[in-house]
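Below: the structure, in C-alpha cells.
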Amino acid sequence: MKHNLLRITPVNFCMTIAIYIFSTTMMIYAERIVIVNGDFSLGNSGFSSGYTFIADQVGINNELGPEGYYSVGYSAYDFHSAWLSGTDHTTGDGLMFIANGSANTSTVVWQGTPSQDLILGQTYDFSAWVMDVYNDGAHASLTFKADAEVIGTITCPNYQTWNRLSGSFTAASLRPTLTLTNAQSDNYGNDFAVDDLNIYYEGSTTPPTETVLTTTAAVSVTQTSATLGGNITYDGGNSITERGYVYSATDTKPYIGDAGVTQLSDGSGTGEFDEIIGSLLPGTTYYFQAYATNTQGNAYGGVENFTTSNATITFTDGSSYTPTVTPGSSDQVLGRLQLSADVTGASVTDLSIQLNGTRTGLSNLKLWASADAVFGSDTQLGSTVAADPSDGSSVTFSGFTSAISTSNVYFFLTGDIASNATGAVQGVIVNNSSLTLDKGALDGSISNAALSNGDASLPVELVSFTASSQGNVVKLEWVTASERDNLGFIIERKSKDSAWQQIASYKSNTTLTGQGTISSQSQYHFIDTSIKSGIDYSYRLFEVNINGDRKEIGTTFIKSSAVPSKTQLFAAYPNPFNPTTRLEYHLAIDSQVSLFVFDVLGRKIKTLVNQQQAAGEYSIQWNGTNDNEISAPSGTYLIRLQTESVTQTQKIIFLR
C-alpha cells in the first residue's frame, strides 16, 4: 500500500514533532476521540473560530459569501459550487467548511480543548482530516499548535481529496489549547473543509477505555443554592477514587484547578450522585460539570448551567425625612431613600432622581451611600452633576456598584447651596426604572416616591415688592414664592434729606411675621402713615431667619403726593433692562387695575397687577419672569395698563 509521507523536524521547538499526510485508503492507529465535537456533530458548538459562522442551508449549492465565513453540518458542502459530491469524511453528522478567498495567514480555523484531562508527560497524536475544495489558486495550508507551540505546517497536495494531518506532542498541561490556523497567504482558492479532529495515544492499537460519565441538570435552584448531580455508568476498567463537581460563575467550561472554579467532592465509585451547594450569589448564572477520577486521570460529564433567583429588594422612600439646608454651604442634604435585600449579593448600579420645584443657586448634585440614617462621612457614588437640571428634570448617577445588604442601606442626595439661593426643591423617584439593580429585583412598584416629607426650601424668594401712594399714606406690598426658616420682615425708609431708618419690624407688628419654612406663595403688606406729601421715599425690605441673621431682599421707591390729576402709565426704567425694570403709574380715581406683560404675538406671559386699587401713585418691578417664575427669553415685550376708563401700552426690551 502506497502513501505519501512528509516528516518535519522544526528548529527551536521544545518537542520533536511529526506531521503525516495519508490518503483515504491508509489504515492507521485506533483512535481515542477526546475533543468535544471533533466530528462537528453538534453544529458550531464546542470550539471557537476566527471566522464568522453562517448556518447551513441544506441542499443549496452556493458560495459561502461574503468571503471569510464558515459553516458546519452534514451538508456544509452545499455552500460551494466546486464541492465534492458526498457527505462528511466518516460516518459522523457534520463537517466544517471554510470560505476564505483572501490572505488570512494566522487566522484561527478551529480552536478547542480535550474533553477530559490528559496525562502529563504522555505522548499523544493529534489528527484532522482536511480537503482543499477549490481548484484555483494556491492549495489550502494549515498550521497545528498545542498550547501555542507550533507542531508543524502542512499544505494539501491536491484538490477534492481527504488528506490526514497528523502530529505528535507530549502533554505539558492537562488540557492544552489545540489550534488549527490558516497558513496560506495567497488571495485565491483558499477554501477547504475540516473534519474528525482527534487525540489518541501514540502507537496504541487498543486505546484505553474512557470513563462513561454524565452531568445532570441542576434542580431545586434558589437565590443562594442548587442541587447538582452526576451519573457514572462505567469506570473505564479502573475504580473511581473520587467524584464530584466543579462550578464557576466566570468560567463557562470549568475544570479542576482553573481560576475561579470551585471543586466539591462527593464520594467515590460509580452510580448516580447529587449534592446541595450553597453560598451562591443571587441572579447569577453558574456553569458546572460532574467529574470522576481514576488512574487514567479526571473525566468530565459535560457542562450544564443554571441561574439563581434574584434577590428581592425593598424600597423605602424619604417621606418621613425632613431636610434642612444652609445657604452658602456645600453637600446639603435634599432627600434620602433606603434599600434592603432579603439575601446578600445584590447591588444598585444606576439611580435617577427627578427634581421638582423652582429654584436658583443649586449646583454640584451628588449621591451618597450610608450605613445609617444620618448623613456624614459617607461614600459618594458616581460622578458629581455640576448643573441643576431645572424643575421637573432628572439627575442621573451611574458608573458605580453599591452593595445592598439585608439591613437598610441609605442613599442621600445632596447639593451645594449658594448664599443667594432661592426657591425650593424636592427629589422624587419616578418609577422602578429609576433604579438599575444587579442580581436583584424590586418588590412592588414605585410611583413618584418623594425623598423628603416636603420641599427643601431655600432662602426667601421675593416675587415682587411694590409701593403705592394713596393720599397721605404709602402702601407697601410684597409677595414671596417660598421661605426657609423665616422669622419675619423688617422695613427701612429714607428720603433725600435723611438716612435709612427702621420704621417697622416683625417683633412689634404681627403682620410682618414670616411663614417659617414654606414652598407656596405668601402675600404681605404694610401702610406707612408717617410721610409728607411731595417727598421722594425709598424703602428696603429685610428678612430675618431663625438664627437672627438679617438679609436685604428688595427695594422700592415712591414719591408721595396728593391724588394724581390723571391716570397714566409712565416710561419703564431702565429700558432695555436686565435683570429688572421699574414701572410707575398714577390712578386719578379708585379703579380696577390690570397691568400685564405680553409678548409681540399678543400672548400674556405675566400678571403684575390685577386688583382694585385706590387713587394714588404706584410703582412695581418686573424681573423678566413669566407667571411660572421662569425667566422669559430675550426680546421685545408690551406692557399694558388698563382701568375702566384708560388703556395704555408701551414697548420694553429684555436683555438676558
In segment 324-358, residue farthest from residue 460 (Cα to Cα) [restricted to those that are part of a strand (DSSP E or B), of a type in the set (D, E, K, R) and open to solvent by 40 Å² or more (accessible area, probe 1.4 Å)] | 350
Among the candidates 589, 605, 639, 620, which residue alone is out of contact with any Pro (no Cβ under 8 Å at 6 or more places or on another chain) and outside any strand (DSSP E or B)?
-> 589
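With the condition kept exactly as written, say whether any residue in segment 583-601 is of a type in the set (S, T, N, Q), farther than 23 Å from residue 647 by Cα and surrounded by 13 or more Cβ atoms within 10 Å (Cβ to Cβ). It would help to see each step written out before you state the result.
Our first condition is that a residue be of a type in the set (S, T, N, Q); within segment 583-601, this holds for 591-592, 594.
Cutting the leftovers down to farther than 23 Å from residue 647 by Cα gives us none.
No, every residue in segment 583-601 fails to be of a type in the set (S, T, N, Q), farther than 23 Å from residue 647 by Cα and surrounded by 13 or more Cβ atoms within 10 Å (Cβ to Cβ).
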By residue number, the members of segment 238-253 that are closer than 20 Å to residue 278 by Cβ and either part of a loop (DSSP other than H, G, I, E, B) or basic (Lys, Arg) (or both) are 243, 249, 250, 251
In segment 81-112, how many are at pLDDT 70 or above, crowded, with 21+ Cβ neighbours inside 10 Å and in a loop (DSSP other than H, G, I, E, B)?
-> 1
Residues in segment 199-218: is at least one modelled with pLDDT under 95, open to solvent by less than 10 Å² (accessible area, probe 1.4 Å) and either under 30 Å from residue 70 (Cα atoms) or assigned to a loop (DSSP other than H, G, I, E, B) (or both)?
-> yes
State which residue pairs qualify: first residue closer than 27 Å to residue 286 by Cα and inside segment 228-248, second residue outside any strand (DSSP E or B) and charged (D, E, K, R) in any location, beta carbons under 7 Å apart, and separation of 6 or more residues or different chains.
-> 243/266; 244/266; 245/266
In segment 137-194, the residues that are in contact with a His (Cβ under 8 Å, 6 or more places away or on another chain) and among the acidic types (Asp, Glu) = 191
Identify, please: which residue in segment 219-236 is open to solvent by 50 Å² or more (accessible area, probe 1.4 Å) and not in a loop (DSSP other than H, G, I, E, B) and is, among those, modelled with the highest pLDDT?
-> 219
Failed condition for residue 291, given (1) over 26 Å from the mean Cα position of the chain (by Cα); (2) surrounded by 21 or more Cβ atoms within 10 Å (Cβ to Cβ); (3) part of a loop (DSSP other than H, G, I, E, B) | (3)
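Find the strands (runs of 3 or more DSSP E) located wholly in segment 510-560 whose residues include 1 or more that are open to solvent by 60 Å² or more (accessible area, probe 1.4 Å) and within 28 Å of residue 359 (Cβ to Cβ), and list them.
Counting at least 1 such residues, we get 513-518, 522-528, 550-559.
Which members of segment 621-656 meet the condition of being open to solvent by 80 Å² or more (accessible area, probe 1.4 Å) and either over 53 Å from the mean Cα position of the chain (by Cα) or under 26 Å from residue 423 (Cα atoms) (or both)?
Just the residues of segment 621-656 that are open to solvent by 80 Å² or more (accessible area, probe 1.4 Å), to begin with: 628, 630, 633, 644-645, 647, 649, 651, 655-656.
Across segment 621-656, the qualifying residues are 628, 630, 633, 644, 645, 647, 649, 655, 656.
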Find all pairs meeting these conditions: Cβ atoms under 8 angstrom apart; at least six residues apart or on different chains; first residue within segment 164-176 and within 16 Å of residue 258 (Cα to Cα); second residue open to solvent by less than 40 Å² (accessible area, probe 1.4 Å) and hydroxyl-bearing (Ser, Thr, Tyr).
-> 174/255; 175/113; 175/255; 176/113
Residues in segment 557-585 that are at pLDDT 90 or above and within 21 Å of residue 534 (Cβ to Cβ): how many?
-> 7
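The values are calculated or read from the model by the stated rules, or taken from the named source; none is laboratory data. Since this is a predicted model, take the numbers as computed values, not measurements. FYI the Cβ positions are ideal-geometry reconstructions off the backbone, even for glycines, and counts take in every protein chain you see. These accessible areas exclude ligands, DNA and RNA; they are computed on the full protein's heavy atoms, side chains included. Shrake-Rupley method; radii C 1.70, N 1.55, O 1.52, S 1.80 Å.
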